[in-house]
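Written below as C-alpha cells is the structure these notes are about.
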Protein chains: 2
Amino acid sequence: MINHSMHSAEQLRERFEASLADWLPQGNPDTLYEPIRYAVMAGGKRTRPVLLLMMGELFGLSPEQALPQAVAVEWFHTFTLVHDDIMDHAELRRGRPSVHAKYSQPTAILAGDAMLVYCFGLMSRCPSALQKELIGSFVNCALKVCEGQQLDMDFERLPAVSVKEYLYMIERKTAELLAFSAYCGALLAGAGQQDQQAAYRFGKHLGVAFQLMDDYLDTFGESQLTGKTPGGDLFRNKKTYLHAKIREQADQQTLQTLDRLMSDTDSLRENLESVKNLFRSAGVDRLLQNEIECYSEAALQELKRLSVDPSRKKELGKLTETLKRRLA
Amino acid sequence: MINHSMHSAEQLRERFEASLADWLPQGNPDTLYEPIRYAVMAGGKRTRPVLLLMMGELFGLSPEQALPQAVAVEWFHTFTLVHDDIMDHAELRRGRPSVHAKYSQPTAILAGDAMLVYCFGLMSRCPSALQKELIGSFVNCALKVCEGQQLDMDFERLPAVSVKEYLYMIERKTAELLAFSAYCGALLAGAGQQDQQAAYRFGKHLGVAFQLMDDYLDTFGESQLTGKTPGGDLFRNKKTYLHAKIREQADQQTLQTLDRLMSDTDSLRENLESVKNLFRSAGVDRLLQNEIECYSEAALQELKRLSVDPSRKKELGKLTETLKRRLA
C-alpha cells in the first residue's frame, strides 16, 4: 500500500470534474450523443464518484487508477435521473430543462439506455481478476436501484407506507449506489473482504442519512439554500420519512387533519405551513433529525472498523459530519 | 473440440424456449418483475439466441454451455422492443398489448432498464479469460443498436434518406445484434480470431438480409402470412429500402407523385396500392430482392470461410437459405 497523503472531498471533486469531459464518447449520430453530454456535464455534487475515489485512496489507490469506475457510477446516477425525470414528469433538473424537456422523450429514453450501456464498459476497465466480482456487484446494485424506483412510484399511489417500507425503498433507490461506490473503491484498491464489506455498509448508512436529510430539507429547508420548491415531495405525493413516521406517532384526529390538508394540490398549497406544523407538533421533525444522527453514527462506526491508520480516515469522517452540519 | 452432432435451428429454438423460464429473476417488487416476465415470455422466433447456440455448436460447444449468453441476447432484443414500442407509440406487440400499454409507461421504461442491466449479469457468466472481451464487445454492440434506433427516429422526420444512409442505420439497429450473437457463440466455443471475425460478418450480412426481407414483406407481403398491417412502415413514416432506393431510380415526376400519395395518412390509406405500383414500376421491388440475395450470398461466403468441416455447416446454411424461400 502506498501511503501517499489523502485528498479532501473538494479536491477530488475538482479533479473528477476536470477529467469528466475526457470520458465522453464521440459517437454518431449527434442527436444521441449531444443529449448525453448535456446530461453528464450538468454539474452536481458528484458525491458517488468522490466517495469511490476517497475510499480507494484510503486503501492506497491513486485517484487516476479508479477514474473509469468513478465515471461509471456518476454516469449511472445521471442515467437514473434522466429516466426518473421522464417517469416523474419533471421538467427541470438543476435549474435547466431536463433531458426529455429539452430534446424529446424518445431521445431521453434512448440517451439513458446508451448511458447505462456505457457504464458497463467503463466498469469493466479494471484488472481481469476483479472483472467478474465488479460486474456482478454492479449488476446487483443497478437492479436494486430499479427496484427502489419502482417502489417509490408504487408508494405514490398508496395512501400511506410504514417507516420500515419507506426505509426498504430508499435503501435501494438511493443508498445502494453509494454503498456500491464505497465498496468499489475498496475492491479496486485491493482491500480485504472484511474491509470491502465495511466500506459497503459505510456507504449504505451514509446513503440513507443523505436521503433522510433530503426529506428533511425538502419540507423544512430554506428554498434559497436548497434551490428547490419547498414541499416538492409533498406536492408530487412522494412518500417521505415524515409522512411514514407521523402515521406511527400521531392520533387518529391528527392524521385525518393531515389527509384533509393534503387531499389535493390546491389545498396543500394553501396549507403547507399547517402541514409542517402538524409534523412539528407530532415531533416527527425531531425524530427525523435523530434518525439522521443514528445513520451518520452507524456510518462512522463502520469507518472506524476499516483496517487503516485512523489519521487517513479524517476526510471520510468530515464527509459524514458535513451531513449533521446541514441540520444545524 | 467435441464433434457431437449438430442440432437444427428448430431443435435449438425449442430447447431455448423450454429453459427460458429458468432464467427469470424472482425479485421484489412484483410490479417491476411481472412486466419483465410478460415481455420475455411473449414468444417470438428467438433468432438471436438460436444463432448464438448454432455458431457455438459449430465449434463444438454444447448448447447448455452457452445458455446464459443466449438468454442475454434475447433479453437485450426484448429490452429494445419494450423501449422502442414506447418511442414508436406502438400499442401492440405480437398480437398482445405492448408492455407500456398493458402496464404503464414509467413501468415499461424501468422494466426495460432492469432487463438491460440483467443482460450484463448473464453475459458475464463466462470463463474469466473471456470476460473482458465479451463485455467490451457487448457494450459496443449495444451502443450501436442505440445509435441505430436514434437514426431510425431521425429518419422519420426527414423527407428522404439515401440507400447508403439507410443501410448504415439497419446495420446498427438490426444487424449488429445478430453479428454479435454469431461472434459470441464462436468466442465462447474457443474459435480462433479469424473464425470469430468471419462469424461476426456472417451474422451482420444475415441481419441486413433479415431486415431487408422485413422491409419487403411489410410492403408486399400477404398480411395473413406476416400477421402485420400491410404498409405499416409507410404509415409510420419509417424509411425503408424501397423508399430510399426509388429516390435513386425514379424520375422527378414519379417522386412528386409518390410524395403526394404519401403526404398524409388518409391519402396513403386510399392510395396504398398505387404506392406499391409506383415501387413496382420503378423496379425497386426487384432491386430489393436482389439486395437480399446479395447479402444472403455474402453470409454464405463467410460461412464457407469458417474452419470447420463443411458437413457441420449445413444447419447454418439452411437458416440462411430460409430467407430466400420467404421471397418465393
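Condition check ((1) of a type in the set (Lys, Arg); (2) touching a helix residue (DSSP H, G or I) at 6+ places or on another chain (Cβ under 6 Å)) across all residues:
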position	(1), (2)
A:Leu81	no, no
A:Arg96	yes, no
A:His100	no, yes
A:Gln131	no, yes
A:Gly136	no, no
A:Asn140	no, no
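Can you tell me which residues in the stretch A:16-46 are among the polar types (S, T, N, Q) and modelled with pLDDT under 95? Reasoning before the result, please.
Filtering the stretch A:16-46 down to residues among the polar types (S, T, N, Q) leaves A:19, A:26, A:28, A:31.
Across the stretch A:16-46, the qualifying residues are A:Ser19, A:Gln26, A:Asn28.
So that you can scan it fast, the table gives a plain yes or no per residue for (1) touching a Phe, Trp or Tyr at 6+ places or on another chain (Cβ under 7 Å); (2) within 22 Å of A:Gln149 (Cα to Cα); (3) assigned to a helix (DSSP H, G or I); (4) touching a residue at least 60 places away in the same chain (Cβ under 8 Å):
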| residue | (1), (2), (3), (4) |
| --- | --- |
| A:Leu20 | no, no, yes, no |
| A:Arg37 | no, no, yes, no |
| A:Gly43 | no, no, no, no |
| A:Asp84 | no, yes, yes, yes |
| A:Ala90 | no, yes, no, no |
For this session: Evaluate the following for A:Phe180: is it more than 9 Å from chain B (Cβ to nearest Cβ), modelled with pLDDT of 95 or more, assigned to a helix (DSSP H, G or I) and crowded, with 19+ Cβ neighbours inside 10 Å?
Result: yes
For this session: Can you confirm whether the stretch A:98-105 contains a residue that is touching a residue at least 60 places away in the same chain (Cβ under 8 Å), surrounded by fewer than 20 Cβ atoms within 10 Å (Cβ to Cβ) and part of a helix (DSSP H, G or I)?
Result: yes
Problem set entry | Qualifying positions in the stretch A:141-157 - within 17 Å of the chain's Cα centre (by Cα) and more than 7 Å from chain B (Cβ to nearest Cβ) | A:Cys141, A:Lys144, A:Val145, A:Gly148, A:Asp152
For this session: Name the residue, out of A:Leu110, A:Leu134, that is surrounded by 16 or more Cβ atoms within 10 Å (Cβ to Cβ), within 11 Å of another protein chain (Cβ to nearest Cβ) and over 30 Å from B:Asp85 (Cα atoms).
Result: A:Leu134
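Residue-wise test of (1) on the phi > 0 side of the Ramachandran plot; (2) charged (D, E, K, R); (3) facing chain B (nearest Cβ under 9 Å).
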position: A:Leu81; (1), (2), (3): no, no, no
position: A:Met87; (1), (2), (3): no, no, yes
position: A:Gly95; (1), (2), (3): yes, no, no
position: A:Val139; (1), (2), (3): no, no, yes
For this session: Being farther than 15 Å from A:Val73 by Cβ and part of a helix (DSSP H, G or I) is the filter; apply it to the stretch A:118-129 and report the residue that is nearest to the other protein chains (Cβ to nearest Cβ).
Result: A:Ser128
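To keep it simple, each residue is scored yes or no on (1) surrounded by fewer than 21 Cβ atoms within 10 Å (Cβ to Cβ); (2) in a helix (DSSP H, G or I); (3) at pLDDT 90 or above.
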| position | (1), (2), (3) |
| --- | --- |
| B:Lys238 | yes, no, no |
| B:Arg247 | yes, yes, yes |
| B:Thr257 | yes, yes, yes |
| B:Phe279 | no, yes, yes |
| B:Cys294 | yes, yes, yes |
| B:Ala298 | yes, yes, yes |
Problem set entry | Residue selected from the stretch B:205-223 under the condition without any contact (Cβ under 8 Å) to a residue 60 or more places away in the chain and within 14 Å of the chain's Cα centre (by Cα), by the criterion surrounded by the most Cβ atoms within 10 Å (Cβ to Cβ) | B:Gly207
Seminar exercise, completed: Within the stretch A:276-318, residues more than 30 Å from A:Leu53 (Cβ to Cβ) and of a type in the set (Val, Ile, Thr) come out as A:Val284
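Here is a yes/no grid of residues against (1) of a type in the set (Lys, Arg); (2) at pLDDT 95 or above; (3) touching a Gly at 6+ places or on another chain (Cβ under 9 Å); (4) not in a helix (DSSP H, G or I):
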residue: A:Gln196; (1), (2), (3), (4): no, yes, no, no
residue: A:Ala199; (1), (2), (3), (4): no, yes, yes, no
residue: A:His205; (1), (2), (3), (4): no, yes, no, no
residue: A:Val208; (1), (2), (3), (4): no, yes, no, no
residue: A:Asp215; (1), (2), (3), (4): no, no, no, no
residue: A:Gln224; (1), (2), (3), (4): no, no, no, no
residue: A:Asp233; (1), (2), (3), (4): no, no, no, no
Problem set entry | Selection within the stretch A:65-90 - more than 20 Å from the chain's Cα centre (by Cα) and modelled with pLDDT under 95 | none
Exercise. Quick one: what pairs do we get from the stretch A:145-168, first residue under 22 Å from A:Val82 (Cα atoms), second part of a loop (DSSP other than H, G, I, E, B), C-beta under 6 Å, 6+ apart or different chains?
Worked result: A:Gln150/B:Pro29; A:Leu151/B:Pro29; A:Phe155/A:Val161; A:Phe155/A:Lys239; A:Glu156/A:Asn237
For this session: Scan the stretch B:22-42 and give yes if some residue there is over 24 Å from B:Thr174 (Cβ atoms), of a type in the set (Val, Ile, Thr) and either exposed (fewer than 15 other Cβ atoms within 10 Å of the Cβ) or within 11 Å of chain A (Cβ to nearest Cβ) (or both), otherwise no.
Result: yes
Exercise. Within the stretch A:137-176, how many residues are buried (at least 18 other Cβ atoms within 10 Å of the Cβ) and hydroxyl-bearing (Ser, Thr, Tyr)?
Worked result: 3
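The values are calculated or read from the model by the stated rules, or taken from the named source; none is laboratory data. Just so we're clear, the structure is a prediction, and the values are computed from it rather than from any experiment. Positions of Cβ are generated from backbone atoms using ideal geometry, with glycine treated the same way; all protein chains shown enter the neighbour counts.
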